[in-house]
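Report on the following structure.
The values are calculated or read from the model by the stated rules, or taken from the named source; none is laboratory data. Bear in mind that the values here come from a model prediction, so they are computed numbers and not experimental data. Here Cβ is always computed from backbone atoms with ideal geometry, including for glycine, and neighbour counts include all displayed protein chains.
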Amino acid sequence: MKKRLALFLISFISIGAKAQELNCQVSIIFDTKLEVTSVEKDIFKQLESVIYDMMNTTKWTNDNFEVEERINCNLQLQINSIPSSGTYAGFIQVQSSRPAFNGSYNTTVFNYQDDDVQFSFSRGAALIYSENQFRDNLTSLLAFYAYFVIGMDYDSFSSDGGTRYFEKARDIVSLAQSSGTPGWKSNEQGKRNRYWLVDNILHELFAPLRDCNYLYHRNGIDKMYEDKATARKEIYSALNKLIKVVAARPNSLNLLNFITAKTNEIKNLYEDAEVRDKNNIVNLLKRIDPTNSSKYQEILG
């Protein structure tokens, strides 16, 4: 049994079926204003298929996964422009979730939109990831998010459990920087790209965020079935750790991305909470992300 779910102390009968780490659903859409030929539509269908194959059949870790242990994730690629034949640009939305202990509820662990996506693809091309080698931008992009999703998932089950996978994502960034495509370098405007996403998560200043990810899920989400009131207290305690990150790096990419992914969940979790508890969590969220104070105010409704 894979270490990630072994933390749950669940015993079940193995039927001997092994699987790769990801259960990734893939969709490709294109801007309605974009003139797409029938040939390009066929290429998009093939692209969707090869992305699916790469994400779901590549062996990303050395751990053994049962089919039911795979990490559920969704990848949506939107094509906004075709700068030249066989070259595409747009954005990619990556979302992953994991189940709460002893229940049917699934919690979002990672939800991120990458707006700096450019790549080349031609009919009949294959996407084959090779560690320590830059083959093409799309392959590196997908491998980066595969490792980042796995890292976030492992961090949610054990303290700093995803480090080795974040380091692999960082290696991909280093190899891709010479490609000249956007999203891989530190000096790009806004500091909201792949470089900063993984650089931040491995930086000591963001250790409280990784602690929050672990405690939020293990002591909060995984305890909802047993005692919702206690789970809420643990979630508040976990989120309170983010105040240190706010002090050091306010409005940082990783911080806001985590909070945004959890906002609706927190709102639902506190729906039947005491007024005092609602006020406490709202005040905390406003300190962490003051720009969206009005959104958090809805929790009091």
Original post:
Does the stretch 24-47 contain any residue that is aromatic (Phe, Trp, Tyr) and touching a Ser or Thr at 6+ places or on another chain (Cβ under 8 Å)?
Top reply: no
Subject >> the stretch 219-260, residues that are surrounded by fewer than 21 Cβ atoms within 10 Å (Cβ to Cβ) and in contact with a Pro (Cβ under 6 Å, 6 or more places away or on another chain) >> reply: 241, 244
**OP:** Tell me, please, whether a residue that is within 21 Å of residue 23 (Cβ to Cβ), aromatic (Phe, Trp, Tyr) and either surrounded by fewer than 19 Cβ atoms within 10 Å (Cβ to Cβ) or touching a helix residue (DSSP H, G or I) at 6+ places or on another chain (Cβ under 6 Å) (or both) can be found in the stretch 115-127.
**Re:** no
**OP:** Mind counting the residues in the stretch 224-275 that are of a type in the set (Lys, Arg) and farther than 27 Å from residue 166 by Cβ?
**Re:** 4
Subject >> Matching entry among 218, 192 (being assigned by TED's automatic domain parsing to the domain that holds residue 117 and closer than 25 Å to residue 73 by Cβ) >> reply: 192
Subject >> Pairs where the first residue, in the stretch 75-89, is over 13 Å from residue 123 (Cα atoms) and the second is outside any strand (DSSP E or B), C-beta under 6 Å, 6+ apart >> reply: 80/31
Original post:
If only one of 80, 74, 64, 56 is at pLDDT 95 or above, under 30 Å from residue 226 (Cβ atoms) and either buried (at least 20 other Cβ atoms within 10 Å of the Cβ) or assigned by TED's automatic domain parsing to the domain that holds residue 40 (or both), which one is it?
Top reply: 74
Subject >> Any hit, the stretch 173-192, residues being of a type outside the set (Val, Ile, Thr) and within 27 Å of residue 69 (Cβ to Cβ) >> reply: no
Original post:
Mind checking whether some residue in the stretch 96-114 is in contact with a Gly (Cβ under 8 Å, 6 or more places away or on another chain), under 30 Å from residue 167 (Cα atoms), modelled with pLDDT of 95 or more and crowded, with 19+ Cβ neighbours inside 10 Å?
Top reply: yes
**OP:** Looking at (1) closer than 26 Å to residue 201 by Cβ; (2) in contact (Cβ under 8 Å) with a residue 40 or more places away in the chain; (3) hydroxyl-bearing (Ser, Thr, Tyr), find the lone condition where residue 225 falls short.
**Re:** (1)
Subject >> Output for the stretch 29-49, where each listed residue is assigned to a loop (DSSP other than H, G, I, E, B) and of a type in the set (Ser, Thr, Tyr) >> reply: 32, 37
Original post:
Do any residues in the stretch 260-282 that are under 11 Å from residue 296 (Cβ atoms) have Cβ atoms under 8 Å from those of residues that are assigned to a loop (DSSP other than H, G, I, E, B) and not small (Gly, Ala, Ser), where the two are at least six apart or on different chains, and which pairs are they?
Top reply: 278/270; 281/270
Original post:
Out of the residues in the stretch 263-301 that are among the acidic types (Asp, Glu), in a helix (DSSP H, G or I) and more than 22 Å from the chain's Cα centre (by Cα), which is nearest to residue 93 (Cα to Cα)?
Top reply: 298
Original post:
From the list 175, 197, which residue is surrounded by fewer than 20 Cβ atoms within 10 Å (Cβ to Cβ), in the same structural domain as residue 104 (by TED's automatic domain parsing), among the aliphatic types (A, V, I, L, M) and at pLDDT 95 or above?
Top reply: 175
